[in-house]
Amino acid sequence: MASLDLATIGKLFTLADADRDGAVGGHEAVTFFQRSGLPKDVLGQVWAMSSTGAPSLNNTQFGSALRLVSLAQANGGFLPVDQARKTLAGLGPPLPAPKLSGLEHMGMTGGQPAGTAAIPAAALSAIASASPIQAAPPAAVASPV
């Protein structure tokens with residue numbers, strides 16, 4: 001499996017940025033991150049924590065989202081908020097690249113995290129055509145020092 005280094009993040013960002021505008025918008029993010037097999041609510045948490053309220057992800061925010069997806073996959077489809085904050089602050093352990101279905105040629109083995117079900121192709125299409133992920137704003141949190 002590929003490591004989650006800057007080169008890998010850059011390749012995945014280019015793949016996710018379907019309209020080549022230098023940002024991964026909500027629709028592009030849904031289309032791309034559904035490959036992870038994570039539940040929609042977990043992907044909503046990933047979006048909320050990595051976008052910091054922006055309507056799209058830049059390369060750095062996209063890298064943060066990838067790390068959170070990897071963390072959630074490592075935790076059986078659940079995103080532990082305390083570990084996620086540490087990961088975003090650069091204090092978490094190194095993480096492998098997330099498992100993304102359809103990207104096996106890049107070393108990112110597909111498959112479903114433990115405790116999650118495969119999403120049928122018709123449902124993925126419906127999700128991709130839906131509006132961007134909407135998540136409730138995170139509760140106020142003290143910044144790590």
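The values are calculated or read from the model by the stated rules, or taken from the named source; none is laboratory data. Since this is a predicted model, take the numbers as computed values, not measurements. In case anyone asks, the SASA skips ligands and DNA or RNA and just uses the protein heavy atoms, side chains included. Shrake-Rupley method; radii C 1.70, N 1.55, O 1.52, S 1.80 Å.
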Quiz item: Share of segment 8-89's accessible area from carbon and sulfur, percent, 1.4 Å?
Solution: 53
Quiz prompt | Volume per residue of the C-alpha convex hull in segment 8-89, rounded to whole Å³ | solution = 83
